[in-house]
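The block underneath contains the structure these notes are about, expressed in structure tokens.
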Amino acid sequence: MAPAAPPLPELPLDAGAAPPATWPPSSDGAGPAGTGPVVALLPRSVGEVVDTAIGLYRRNWKLLAGTAAVVVVPVQLLSAFLNRNYFSQVSDMFRSLQKGLTPPSTPSTGVGSLGGLLSVLALPFLTVALATAAAGCYIGNPITAGQAWRRTMRRFLAVLGLGLLRVLIIGVGLFLFVVPGIFLYIRLLVAPVALVVEGARPVSALERSWRLTGGHWWRMCGVEVLKGVVAWFGYALIETPAVLLGFLTGRAGWLFVGIGGSLLQVFVFPFLVAVTVVAYFDLRIRREAFDLAVTAQRLQSAQAA
């Protein structure tokens with residue numbers, strides 16, 4: 001018998017959500033125009049998890065892209081600008097090698113490491129903001145990009161703490177011959193979503209992810225592989241041409257790389273987070289009968305209305 005699902009959190013994310021306008025819900029997590037998305041709460045296969053996330057992304061891409069752009073665009077442009085000398089140095093090095101000369105210097109990335117550090121620090125907050133927006137859409141209570149970021153920043157220390165803990169734990173695992181790091185990455189994958197949906201603290205969110213993914217490691221691994229394949233096409237279409245233009249144009253190439261990196265993160269990263277959100281709810285349905293809990297809540301709301 002599946003363990004009883006914990007009560008739905010009384011958080012802005014799902015507090016006061018109206019009952020669905022139509023029943024039964026559609027299979028891709030979207031309802032009629034103007035009524036907000038309606039969730040089909042049912043266990044899904046690996047392919048169905050990714051397919052549902054694609055449907056969620058397609059119907060809410062403006063919200064998700066806008067949420068990502070708030071942080072991604074300035075960070076990506078700043079990072080590319082700090083690395084602007086790298087492209088001209090690489091071009092000079094290749095020209096010297098073609099002429100049989102000694103390269104003038106080794107490309108330096110020391111200054112650009114600040115941009116990389118900013119990207120790493122922004123990643124946990126970006127992930128949580130996108131998870132907030134995607135989860136709100138998935139459970140039928142969509143919010144704006146501004147609301148997603150306000151709710152994220154209200155939990156600044158919790159988001160930062162969770163990000164640091166995940167990096168530390170997974171990093172230690174990767175140091176121990178890689179395989180433990182991959183195992184831990186999958187087991188802790190849905191912790192940011194638990195932080196958002198359940199209002200959990202950092203350690204509690206990690207524990208929640210560990211419990212939810214227990215017995216489902218291979219399914220979650222399959223989801224990660226499949227979403228990585230889909231994201232690779234986005235990388236090939238957006239990032240590769242931008243990097244090539246960056247090297248061909250020399251010192252001014254940082255602008256192409258910054259724009260390409262921004263487009264990639266704005267349009268591809270929200271899809272990756274959406275897959276994780278759908279996978280989180282799928283795990284709760286499988287382990288905690290979350291679908292029955294939500295159905296009961298909706299019936300009570302309808303009766304009260």
Quick one: grab the alpha carbon gyration tensor of the range 211-290, order the square roots of its eigenvalues as a ≥ b ≥ c, and give me rounded if a/c is under 1.5, else prolate or oblate depending on whether a/b is larger than b/c.
prolate
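What is the packing order of peptides 132-139, 235-242, taking the mean over residues of other C-beta atoms within 10 Å and listing the highest first?
Working: 132-139: 27.2, 235-242: 14.6.
Order by mean packing, descending: 132-139, 235-242.
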Take each of the peptides 174-180, 261-267, 189-195, average the number of other beta-carbon atoms within 10 Å over its residues, and list them starting from the highest.
189-195, 261-267, 174-180
Derived scalar couplings ³J(HN,Hα) [the range 46-62; Karplus, 6.51 cos²θ - 1.76 cosθ + 1.60; whole Hz; x for Gly, Pro]
4, x, 5, 4, 5, 5, 5, 5, 4, x, 4, 5, 4, 7, 10, 5, 5
From phi via Karplus (6.51, -1.76, 1.60), per-residue ³J(HN,Hα) for the range 253-264 in Hz, x at Gly/Pro:
x, 4, 5, 5, 5, x, 5, x, x, 5, 4, 4
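Using the number of other C-beta atoms within 10 angstrom as an exposure proxy, rank 209, 45, 204 with the fewest first. Please report the intermediate quantities before stating the final value.
Details: 209 26, 45 12, 204 16.
Final ranking by Cβ density, sparse to dense: 45, 204, 209.
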In what order do 276, 144 fall by count of nearby beta-carbon atoms within 10 Å, going from fewest to most?
144, 276
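Since every read-out is calculated from the coordinates, none of them should be taken as a lab result. Please read all numbers here as calculations on a predicted model, not as lab measurements. When we count neighbours, we look across all protein chains shown, and the Cβ atoms used for this are built from the backbone with ideal geometry, even at glycine.
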